[in-house]
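Trainee: Sharing a structure below in structure tokens format, with a few things to ask.
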Amino acid sequence: EKYVLSASDISRTDNFEDLLQMIMSGFAVLIIEGCSTAICIGVQGYSFRSVTEPESEVSERGSREGFVEPLHINMSLLRRRIKNPKLKMETMILGELSKTEMDKLNSIDIDTVLASGYLVSFLEDENDRSFFSGVGITERPDTVGGKINEGRIAILIDGTPSALIVPYLFVENFQTMGDYSYKPYYATLIRWLKYLCFFVASLLPGIYIAVALFNPELFPEQILNQLETSIGNTPFSLVTEILLVLFMYEIMREAGLRLPKSLGHAVSIVGALVIGDTAVSAGLIVAPSLMIVAITAIASYVIPNLYPQLYVLRILFIFAGGILGIWGIVLLFCVLTVNVCGKSVLGVPYTMPVAPFNMFGMRDVAIRADWKILGKKRTVIKDFAE
């Protein structure tokens with residue numbers, strides 16, 4: 001009788017190290033005497049988390065599926081969305097110690113890869129000193145599918161429920177998958193709201209301090225009188241107060257992230273109601289300072305991809321406004337603009353299509369045009385680069 005070996009995942013190897021790697025990855029290996037090639041058969045059977053909605057990128061009208069830890073499950077989620085033979089997926093081993101499988105990546109000299117963040121610095125251009133990152137991270141397969149259709153590269157890492165996208169432009173931090181499910185006028189309004197929240201989250205505390213210390217005449221008379229009375233009754237300077245409130249807020253945020261959800265909500269409520277109200281009543285901080293920090297904290301969550309950068313910029317603008325006033329804010333803002341405009345990712349300007357300006361690309365930046373306009377021509381990143 002003749003038998004045929006049938007399996008969906010079969011590969012061959014003639015290297016002993018690759019053979020050991022396959023065995024440790026759960027493959028069954030068939031070795032035939034007199035044959036120099038071994039057959040590796042995928043029979044892995046292990047438990048993993050089911051495909052669920054990503055918690056950090058919730059979409060009101062979009063897909064409820066998010067990446068999970070196994071690499072091949074994530075690859076199937078992408079293949080199901082892009083049924084095109086031109087989509088190529090290449091796997092490679094990265095990390096001398098961890099032997100992590102990856103989707104597509106050039107050679108990187110690193111011993112261990114356990115999370116997507118390990119590779120971000122390697123994908124940035126050499127000598128990059130920008131505040132912002134040109135590598136995007138997402139947990140949504142539909143977002144990755146859209147970026148691949150635009151000519152990007154997606155990097156999937158075995159054991160990590162997220163994907164890296166390169167190149168990733170600055171304006172894409174303000175775009176979400178849900179924006180393309182609404183009418184253009186509402187999606188455009190939300191887009192501009194995100195732009196406004198970016199400036200509020202980064203500039204508002206610094207401008208508040210600069211005006212209060214150097215140009216208090218800009219405040220209305222009633223607000224100025226209340227502010228002067230409040231500041232005079234507190235033991236700290238205005239800069240110290242703002243930094244103190246920011247420090248307390250960041251402590252509560254970190255505690256809420258690390259604790260279980262039920263306790264995390266309790267910590268937030270206690271911090272907002274008890275600590276904040278008590279600090280104002282005790283005269284340690286003034287109510288306007290607490291309100292300014294609360295507004296900036298809420299605004300920063302509108303664009304969660306930029307939260308780390310906004311937190312650092314907020315502190316820098318506070319010092320700039322406290323030392324040099326409005327001129328310090330303007331000077332630091334100019335430095336930040338030059339820093340962003342001078343950044344590139346894989347040869348692609350980070351500020352495209354704003355700088356260099358591309359009129360066709362602005363249909364999804366300044367506004368979110370109707371799909372009748374968006375669908376006229378496929379948006380490929382190399383077209384902008386040219």
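The values are calculated or read from the model by the stated rules, or taken from the named source; none is laboratory data. Predicted, not measured: the structure shown is a model, and the values here were computed from it. Counting neighbours? That spans all protein chains shown, and the Cβs are built from the backbone with ideal geometry, glycine included. Calculation scope for accessible area: heavy atoms of the full protein, side chains included, ligands and nucleic acids excluded. Shrake-Rupley method; radii C 1.70, N 1.55, O 1.52, S 1.80 Å.
Trainee: Using beta carbons and a limit of 7 Å, which pairs, at least six apart or on different chains, have the first residue in the stretch 355-376 and closer than 13 Å to Gln175 by Cβ and the second one assigned to a loop (DSSP other than H, G, I, E, B) and of a type in the set (Val, Ile, Thr)?
Mentor: Val365/Val354
Trainee: So which pairs qualify, if the first residue must be in the stretch 199-223 and outside any helix (DSSP H, G or I), the second must be of a type in the set (Ser, Thr, Tyr), the Cβ gap must be under 6 Å, and the two must be at least 6 apart or on different chains?
Mentor: none
Trainee: Moving on. Exactly one condition in (1) open to solvent by 60 Å² or more (accessible area, probe 1.4 Å); (2) touching a residue at least 24 places away in the same chain (Cβ under 8 Å); (3) assigned to a loop (DSSP other than H, G, I, E, B); (4) farther than 22 Å from Asp125 by Cα is not met by Val302; state its number.
Mentor: (1)
Trainee: For the stretch 24-43, how many residues meet the condition of being within 25 Å of Glu69 (Cβ to Cβ) and surrounded by 13 or more Cβ atoms within 10 Å (Cβ to Cβ)?
Mentor: 7
Trainee: Also, I was wondering about something else. Report yes if some residue within the stretch 185-198 is within 23 Å of Val348 (Cβ to Cβ), in a helix (DSSP H, G or I), open to solvent by 20 Å² or more (accessible area, probe 1.4 Å) and at pLDDT below 90; otherwise report no.
Mentor: No, the stretch 185-198 contains no residue that is within 23 Å of Val348 (Cβ to Cβ), in a helix (DSSP H, G or I), open to solvent by 20 Å² or more (accessible area, probe 1.4 Å) and at pLDDT below 90.
Trainee: Additional query: Would you say Gly325 is in contact with a helix residue (DSSP H, G or I) (Cβ under 6 Å, 6 or more places away or on another chain) and either in contact (Cβ under 8 Å) with a residue 24 or more places away in the chain or over 13 Å from Ser202 (Cβ atoms) (or both)?
Mentor: Against the criterion (in contact with a helix residue (DSSP H, G or I) (Cβ under 6 Å, 6 or more places away or on another chain) and either in contact (Cβ under 8 Å) with a residue 24 or more places away in the chain or over 13 Å from Ser202 (Cβ atoms) (or both)), Gly325 qualifies.
Trainee: List the pairs whose first member sits in the stretch 167-184 and is within 11 Å of Thr351 (Cα to Cα) and in contact (Cβ under 8 Å) with a residue 12 or more places away in the chain, whose second member is polar (S, T, N, Q) and in a loop (DSSP other than H, G, I, E, B), and whose Cβ atoms are under 7 Å apart, counting only residues at least 6 apart or on separate chains?
Mentor: Listed pairs, sorted by first residue: Phe170/Thr351.
Trainee: Quick check: anything in the stretch 101-113 modelled with pLDDT of 80 or more, loosely packed, with under 14 Cβ neighbours inside 10 Å and not basic (Lys, Arg)?
Mentor: The answer is no; no qualifying residue exists.
Trainee: Same structure again: Within the stretch 236-258, track down each residue that is loosely packed, with under 14 Cβ neighbours inside 10 Å, hydrophobic (A, V, I, L, M, F, W, C) and at pLDDT below 85.
Mentor: Listed by number, the residues that qualify are Ile251, Leu257.
Table: residues versus (1) touching a helix residue (DSSP H, G or I) at 6+ places or on another chain (Cβ under 7 Å); (2) of a type outside the set (Asp, Glu).
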residue: Asn127; (1), (2): no, yes
residue: Asp142; (1), (2): yes, no
residue: Gly146; (1), (2): no, yes
residue: Glu150; (1), (2): yes, no
residue: Tyr168; (1), (2): no, yes
residue: Glu172; (1), (2): no, no
residue: Pro184; (1), (2): no, yes
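Trainee: Conditions: (1) open to solvent by 40 Å² or more (accessible area, probe 1.4 Å); (2) more than 27 Å from the chain's Cα centre (by Cα); (3) modelled with pLDDT of 90 or more. Gly321 meets all but one. Number of the miss?
Mentor: Here Gly321 clears every test but (1).
Trainee: Looking only at residues that are in contact with a Gly (Cβ under 7 Å, 6 or more places away or on another chain) and farther than 20 Å from Thr160 by Cβ in the stretch 56-87, which one is modelled with the highest pLDDT?
Mentor: So, considering only residues that are in contact with a Gly (Cβ under 7 Å, 6 or more places away or on another chain) and farther than 20 Å from Thr160 by Cβ, the one modelled with the highest pLDDT is Ile82.
Trainee: To continue, here is another question. Look at Glu90 and say whether it is of a type in the set (Asp, Glu), modelled with pLDDT of 85 or more and under 30 Å from Asp142 (Cβ atoms).
Mentor: No, not satisfied.
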